[in-house]
1. Output the residue which, of all residues in segment B:413-429 that are assigned to a helix (DSSP H, G or I) and either without any contact (Cβ under 8 Å) to a residue 24 or more places away in the chain or under 17 Å from residue A:425 (Cα atoms) (or both), is farthest from the other protein chains (Cβ to nearest Cβ).
2. List every residue pair whose Cβ atoms lie under 7 Å apart, where the two residues are 6 or more positions apart in sequence or sit on different chains, the first residue falls within segment A:258-273 and is on the phi > 0 side of the Ramachandran plot and more than 12 Å from every other protein chain (Cβ to nearest Cβ), and the second residue, located anywhere, is surrounded by 20 or more Cβ atoms within 10 Å (Cβ to Cβ) and modelled with pLDDT of 90 or more.
3. For residue B:432, state whether it is within 30 Å of residue B:225 (Cβ to Cβ), within 14 Å of another protein chain (Cβ to nearest Cβ) and in contact (Cβ under 8 Å) with a residue 24 or more places away in the chain.
4. Can you find a residue that is farther than 21 Å from residue B:131 by Cα and away from chain A (no Cβ under 14 Å) anywhere in segment B:22-41?
5. Quick one: count up the residues across segment A:32-44 that are assigned to a helix (DSSP H, G or I) and more than 15 Å from residue B:378 (Cβ to Cβ).
6. Limited to segment B:368-383, what total is found for residues that are surrounded by 23 or more Cβ atoms within 10 Å (Cβ to Cβ) and within 14 Å of another protein chain (Cβ to nearest Cβ)?
7. Residues that are closer than 17 Å to residue B:129 by Cβ and not assigned by TED's automatic domain parsing to the domain that holds residue B:191: does segment B:101-109 have at least one?
């Protein structure tokens, strides 16, 4: 398998100048320093370097060589790949820049063509290389981090470089690192798949700016996240969030919101800064999992303990007081002046034994513990570190440390690292990381929603009609698709309108029908609460006048529905992930509060229920202040059916059902707007 | 002035054992190392230390001594203070612990008494001491930070210690540091007042867990913030936020929300972590002020640039593209492959000159610039640092740096520090700090609202009546105080009710009047939309039945008000700050969204307007989707008057006006609930 040759090569050709100080030479030096020996320098002069033999072509190497690291000029890369192919190289790391990132798309197409011809898989071009600590393999100019359980996959070499440098400085163990640059061949999908089964990797940290694979990316991510935590930074949020749409749903489902939904549906954990990613990986790889959200803070000084407690509550942990049994245990060995609250303040007199015994006494009652030490130069922090580490070894309850300030506790931090107790720069960052893990552990089981390739197995159809779909037509179409619509009548004349109103039964609502009027209320095209024939005749005339010069086709008549909670259901299409479905309360709730639940469609029943419950306005649906609760079962059923429509009708661009009248029993659509995919 | 003796003493007595290794000895050693010479050791053995002479009493010192640092055992402190008083000492730093923090309140009262008798002002007990870098004065065990413009005032010694240690490690210049521990005498109020006029101090960093002075604290803080930025951490947020209240407003105005309002009204900047405080001080003390929110990011690698841009937008900065004129300037010297977007990516080939020229070309168009450098060991970061510093010297536009990863760029970071360009651990933290400064610069001019001591100059009165105030009584009281109430009638019998309805004019609303019914709607005590005498009779009977066994006194009749926007006005009383006033939309907007504007009362007109505009639901008041806008002028007038009520009626505990019907012209109170202060 090519990817095995990439991470576990038998021999590596470094192609490019091996003169001292050049990148090729530097790479050889760093690879040797990392402990990898089977290196061969390849360059026109057949120049070796640092005891590594030189050749003028990869084909000349007599020993097994299955991987090449290419740093020769861009114009030479196709020939180098030809050579590699002929020499049996299976995988290449193309560090050389000067391809699509500077507009040289043709060059990139060419290297892809050559590589494909020979079955050579590669990362790059314009990449920062890779690391496999288990194989002592470091074909990269980035810092060599210590070995450990975190795999870092980064589209951006610089972000990867920061993570590896911090890993070295702050002690985060790395299993594999790969920066795939332009991603002309292998990309995040390949690496997610590979890392899913990689025994060295306990946690995956992924940095992406885009995921060109769409649903294929989702499948790879979900599979990986089912096996181990995947922490994702998706950068370019704000820029990518801006695009023009016609529907309400379209504007709610900005590209970044869809990424958010997609990542969550896959069970990945999204963070927004490198520090967050780093902290979260640290706690995932070191500490046992959290059962719940109860955290106790053991400190030797009040202020920083309170700050950590504040932040813990802010990020959703429970800083509850210890129960009476635990307090009794604490009273056995703690002096009277230590408050038995939470944080538990051992004061400046806190000792190794004090930390150890206190942490252990708390371990049964809490889901996580923080050992906080604010050091002064006159304090034996190392003893406190020993106390915390000893406690951590004797319990399954996760313990993390925040020993600071860094300058004063450097020796203790090294000690904590050696014994595998994750240490954080501040108590606040420690509890934030714990909260991230708690959220991960307690997330609702992720479903196959939105990921399955062929959700709809029936025959695909086209939306009825052509051009803009009028309201009566759209309502009829919804009804065909089992979405509850109210009874309605279309009327082209005043007489038909009166007849229609009588058939529906007063009171009714009358709305204009015209392909040229999108916002019916805004032009006076909706009249509500018509009680009799006379009012119906009036309404018809007024609406006709309002539509003056606007291709007036008639009116549609509905029964007046009272005491409903209005909600919004929407469909739109994301360029990356395809159909997405939205649910919210509409009106101010979506416009001002952006209180919308979004998913890559389709959704299954459980996920539909979750969507309904996750909006902040959910209490309004349950019934507050004596109001009756709404029929949430019917709503979930409709959401599921609605989310499948784009798979039956691939020409759906966007659909707004806004409002939908949600009743104490059942629901009906109040208005509908359908935009065909080629309308946009 | 005593506080001058504290910060600029002529001579300092260190009282406590001066044997090697003891705290007294250590303090003398550190003070000498800091460069202060006029030290005298005082202890029973008259033992000197490190060339400092020893005495057995402060009174024996023959040279001028106006300050004492006390580390002798707690029981000796009163006598030591006696001695200090007699020797003409004006100020003391009582580091000794063992007072109120461990329940020894009597000991603390005693030292306060002795000090007061002699006019000796002190910080402590149980404090970490102080620093005045301008006077080379370091009577503290904390790290010695470099000199500079940031004053740190911390109730918690440990928090102060972290800040001074970080200041030393990451290069933040400190003017004064004071940790006042138990605050038995001097506290944050004294230091805010002192630092207001302190020429060495450009920025104040304040850490408090409580502000016992209430409005006096507000006055000191506002005065200081009017002269220089004050960055505040108020810890103990979540714990203190929990207290029982009777009214709706009371539950909205939790202690922490009131602190938030009070700090904002004083013009202080609240942050929540030590890192935020540190970053914000760094940019306040170094960089010129921001005129607006437009920020450009100059980077040498894509990924971290995008991350910084994302975060900048997240925290409210505008990462706009350069205009055509700037792009033209950039094109003159930048290679074609550098994207002329924002971030401006100079790529790994970015040079000293490239950074300098690019930053300068952008300076006119932007309000702040970030020079981001993601270094590798093979990059001359120092040159880039020079480029950024040179640019910063040639423009008034603030420039900040984020050179990382720290390990690789240590030399450049030192260089940036020397030249006064603030550097941050990541681009994200840099832009967050810039956003904090931008928010500070653009805050609406703070008013005297809520701070003036004697707002209400008339005669104070008692609320009418006794015990629970019934609705008609409360409405009449509001009307007396010029708060618009609807016309209403009280009716004790069915016949009176019909008469009252006729006088008001149908349609009307009828509500139960009973001191035992607080939630009238919940028991069926409110009937809306009564159209005629018959319905009025029915309603009276139904309400009477609903109030069965509940001390039914009658009903109150109001005209039915249609098409109003319901809002909520509230008053409550904070234990720390006294009367507070709240405004929101009521109902779900306050209950689910907590969308409430809160202020320490009273508020002036400008602040009332700001309260109205700051709620997120404000668009509803302006009129969305063709609805008419509401009479915001009348609303602001009423808010001002309402906020003054607790000063005229000091027995007001809590008042809810909920709902208030806000109309397109004017407003009227829909319901009122008054709780006397001794009712609670």
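The values are calculated or read from the model by the stated rules, or taken from the named source; none is laboratory data. Keep in mind that this is a model prediction, so the values were computed, not measured. Don't worry about glycine lacking a Cβ; one is built from the backbone with ideal geometry, like all the others, and counts go over all protein chains shown.
1. Start the filter on segment B:413-429 by keeping residues that are assigned to a helix (DSSP H, G or I), which leaves B:413-418, B:427-429.
Imposing the further condition that a residue be either without any contact (Cβ under 8 Å) to a residue 24 or more places away in the chain or under 17 Å from residue A:425 (Cα atoms) (or both) reduces the set to B:418, B:428-429.
Working: B:418: 19, B:428: 5, B:429: 8 Å.
In this case the residue turns out to be B:418.
2. A:267/A:222; A:267/A:225
3. On the way: within 30 Å of residue B:225 (Cβ to Cβ): yes; within 14 Å of another protein chain (Cβ to nearest Cβ): yes; in contact (Cβ under 8 Å) with a residue 24 or more places away in the chain: yes.
Spelling it out, residue B:432 is indeed within 30 Å of residue B:225 (Cβ to Cβ), within 14 Å of another protein chain (Cβ to nearest Cβ) and in contact (Cβ under 8 Å) with a residue 24 or more places away in the chain.
4. If we filter segment B:22-41 for residues that are farther than 21 Å from residue B:131 by Cα, which is where we start, we get none.
No, segment B:22-41 contains no residue that is farther than 21 Å from residue B:131 by Cα and away from chain A (no Cβ under 14 Å).
5. Quick first cut of segment A:32-44, residues assigned to a helix (DSSP H, G or I) only: A:32-34.
From what is left, the residues that are more than 15 Å from residue B:378 (Cβ to Cβ) are A:32, A:34.
Of the residues in that region, 2 qualify.
6. We begin by selecting, within segment B:368-383, every residue surrounded by 23 or more Cβ atoms within 10 Å (Cβ to Cβ); these are B:368-375, B:381.
Next cut, within 14 Å of another protein chain (Cβ to nearest Cβ) only: B:372-375, B:381.
Qualifying residue count for the region: 5.
7. Taking segment B:101-109 and keeping what is closer than 17 Å to residue B:129 by Cβ, we get B:101.
Pick out the ones that are also not assigned by TED's automatic domain parsing to the domain that holds residue B:191 and you get B:101.
Yes; the residues of segment B:101-109 include at least one that is closer than 17 Å to residue B:129 by Cβ and not assigned by TED's automatic domain parsing to the domain that holds residue B:191.
One line per residue, one yes/no per condition, for (1) within 11 Å of chain B (Cβ to nearest Cβ); (2) in contact with a strand residue (DSSP E or B) (Cβ under 8 Å, 6 or more places away or on another chain); (3) modelled with pLDDT of 90 or more:
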| residue | (1), (2), (3) |
| --- | --- |
| A:285 | no, yes, no |
| A:297 | no, yes, yes |
| A:321 | yes, no, no |
| A:327 | no, no, no |
| A:331 | no, no, no |
| A:335 | yes, no, no |
| A:338 | yes, yes, no |
| A:345 | yes, yes, no |
| A:353 | no, no, yes |
